[in-house]
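Notes follow the structure.
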Amino acid sequence: MTDYEAVTAFLGQWGPFQQRVFFLLSLSIIPNGFSGLSIVFLADTPSHRCLVPASANLTAAWRNSSIPLEEESRGGAFAPSKCSRYKLDVLQSFSERGLLPGIDVNLSDVQQEGCLDGWEYDRSIYISTIVSEWDLVCDDKWKNPLTSSLFFCGVLTGSFISGQLSDRFGRKIVLFATMVVQTLFTLIQVFSPSWAVFCAMFFIVGLGQISNYVAAFVLGTEILNPPVREVFSTVGVCVFFGVGYMLLPLLAFLIRDWRMLLLALSMPGFLGVPLWWFIPESPRWLLSQGRVEEAEAILRDAAKNNKVQAPQVIFSPAQKDLQSEKREAHNICDLLRSRNIRWVSVTLWLVWNILTIAYFALSLNTSNLHGSAYFNCFLSAVIELPAYALSWLLFRCCPRRLSLFSTLCLGGLVLLLIQLIPENLISLAIALEMIAKFSVTAAFAIVYAYSAELYPTVLRNTAVGACSMASRLGSISAPYFIYLRSYSVSLPYILIGSLTTLSGLLSLLLPESFGMPLPDTIAHMQEFPGCCKKRPYRLTQTTGEEERAAENKISLVVP
């Protein structure tokens with residue numbers, strides 16, 4: 001059997017058909033840059049203190065002294081307490097008697113109470129966030145990282161179900177269905193009456209976000225020819241995600257109210273609906289389902305668009321007969337069924353998990369860095385563009401394992417170095433964190449494309465979805481890595497740096513796919529190092545028994 005790339009070589013590499021698929025699928029990714037990291041601004045915590053009601057009968061001196069001073073965790077400076085105030089009835093008594101704070105009354109002896117009347121928030125940066133609207137501070141501050149984690153729980157769920165749905169019903173249907181889900185529920189989220197409703201909607205937005213991202217990625221990977229596929233998978237999709245990420249701080253800077261910001265972020269999703277008539281289904285997937293006529297129709301239409309002549313017979317009868325294994329129902333359990341695919345899957349899941357912790361922890365941490373949260377987020381987004389360019393160069397010229405190993409280890413070692421920087425060299429610490437973000441982003445782009453190359457067509461979308469699903473355990477926990485800053489500023493960097501370096505070492509165990517054709521069946525997969533070598537055979541005269549033997553680890557030699 002001639003491989004798919006050879007059969008479809010008559011289309012050329014960069015005709016109007018490939019250009020249309022490349023750019024339209026990349027455009028569909030832009031809203032994911034919004035929704036994935038919008039929580040940086042939606043749930044940022046403004047400076048706040050206990051509210052002292054205007055109706056309280058206090059003199060100006062006592063009103064200004066109504067909030068106790070507390071020592072900050074860093075620097076030892078004193079600042080007004082965020083979660084307590086002096087008891088108002090006691091202060092009113094002092095005020096009525098004409099006593100002065102600090103002169104007639106020792107404030108350290110005055111009883112304190114919680115913020116019984118709520119909080120007042122600094123409005124200089126944000127008009128409102130979900131934190132200021134629903135008072136997610138003090139005793140309820142645990143709800144803030146949980147909000148991000150619930151979004152990533154939705155991403156986890158979407159990773160679990162979307163891959164199997166896409167392998168069962170098609171890449172295109174799942175792409176557009178989940179695009180609609182993401183857009184509509186972002187719009188509904190604008191009208192959330194409570195934090196609980198907001199989180200429920202955010203969960204579904206996360207489900208749709210990862211589903212259409214993975215579907216678009218796999219669809220482009222399967223339609224485009226190898227040279228263009230490398231650009232699409234390492235630069236195209238990632239750069240357009242980065243464009244969405246870059247637009248996020250710009251929109252947030254212009255729109256300071258969280259509801260209006262969400263409304264603005266939901267609008268671009270509606271522009272993706274007309275793309276249904278311009279993006280085709282994956283011919284590879286149709287072929288794997290035995291729908292040969294539909295696959296040929298798409299390829300003939302592509303040839304017409306590219307102004308080339310399609311052969312009279314695209315897929316030979318012998319090739320059509322070899323679709324029996326592909327038409328078998330596959331599910332996520334197949335990723336663990338044989339020894340070879342099991343080791344590939346487990347290793348990739350660990351690498352994805354750790355890589356996701358590093359990526360999202362560094363992205364969510366931008367609001368905690370010194371300076372403007374808008375500028376830091378924009379800088380974190382801009383640094384991704386050269387990272388994607390580097391990932392494309394590495395993917396084009398270097399072995400996959402070496403590329404992934406080098407970027408992961410660089411990011412991990414830089415994070416470990418940050419803790420050694422003196423506190424007065426803030427700019428250097430931020431620069432090192434951006435270098436770590438650069439390395440982790442490049443690794444993320446590489447591992448997406450690398451994973452798609454390792455798995456066969458019959459399981460590719462399920463496998464990439466499963467990798468994404470496994471990684472969501474990391475993204476769910478990422479907000480809590482940032483939360484560790486309240487105990488030690490260095491602790492998140494030490495943990496994330498160590499784990500990232502470890503994942504770089506793990507990546508060396510994966511099979512090499514550089515220069516290899518995409519596998520179509522499980523039998524075509526590359527060997528995991530250490531697994532038993534398979535007895536070669538030729539597929540051109542494969543019988544049903546030989547095809548079943550291929551499942552039991554007989555290797556493939558393509559003539």
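Quick notes on this structure:
- With all protein chains modelled, accessible area of Met516 [1.4 Å, Å²]: 90
- Note on the range 92-157: Cα-only Rg and Dmax are 19.3, 62 Å.
- In terms of overall dimensions, the C-alpha atoms belonging to the chain reach 102, 46, 35 Å along their principal axes, ordered largest to smallest.
- For Ile188, the accessible area of its heavy atoms, probed at 1.4 Å with every protein chain present, is near 80 square angstrom.
- The shape of the range 384-511 can be summarised by an equivalent ellipsoid whose semi-axes, obtained from the alpha carbon gyration tensor, come to 28, 17, 12 Å from longest to shortest.
- As an equivalent ellipsoid, the range 181-321 spans semi-axes of 39, 17, 13 angstrom, where each value is the square root of five times an eigenvalue of the C-alpha gyration tensor, largest first.
- Evaluated over the chain, the count of Lys pairs having alpha-carbon atoms less than 18 Å apart is 5 (only pairs 8 or more residues apart or interchain).
- Ranking by accessible area, most exposed first, for Arg460, Arg97, Arg259 with a 1.4 Å probe: Arg97, Arg259, Arg460
- Table column - 3J(HN,Hα) (Hz), the range 97-113, Karplus curve with 6.51, -1.76, 1.60, x for Gly and Pro: 8, x, 7, 10, x, x, 10, 8, 10, 7, 5, 5, 8, 7, 5, 10, 9
- Extents of the range 6-141, taken as max minus min of Cα coordinates on every principal axis and listed largest first, are 94, 33, 23 Å.
- The range 345-443 - Rg (one decimal) and Dmax (whole number), Cα, Å: 14.0, 44
- Local charge for Asn365 was computed over the other residues whose Cβ lies under 14 Å away, with Lys and Arg +1 and Asp and Glu -1, and equals 0.
- Based on alpha carbons, the Rg and Dmax found for the range 1-64 are 29.7, 90 Å.
- Scattering curve values for the range 92-241, log₁₀ I(q)/I(0), Debye with Cα scatterers, q = 0.19 Å⁻¹: -1.13
- Taken per residue, the accessible surface of the range 115-206 reaches 41 Å², heavy atoms only and a 1.4 Å probe.
- Whole-Å distance, taken between Cα centres, linking the range 215-230 and the range 30-83: 48
The values are calculated or read from the model by the stated rules, or taken from the named source; none is laboratory data. Quantities reported herein were computed from a predicted structural model and do not represent experimental measurements. Please note: Cβ atoms are built from the backbone with ideal geometry, for glycine as well, and neighbour counts cover all protein chains shown. Accessible surface areas use protein heavy atoms only, side chains included; no ligands, DNA or RNA. Shrake-Rupley method; radii C 1.70, N 1.55, O 1.52, S 1.80 Å.
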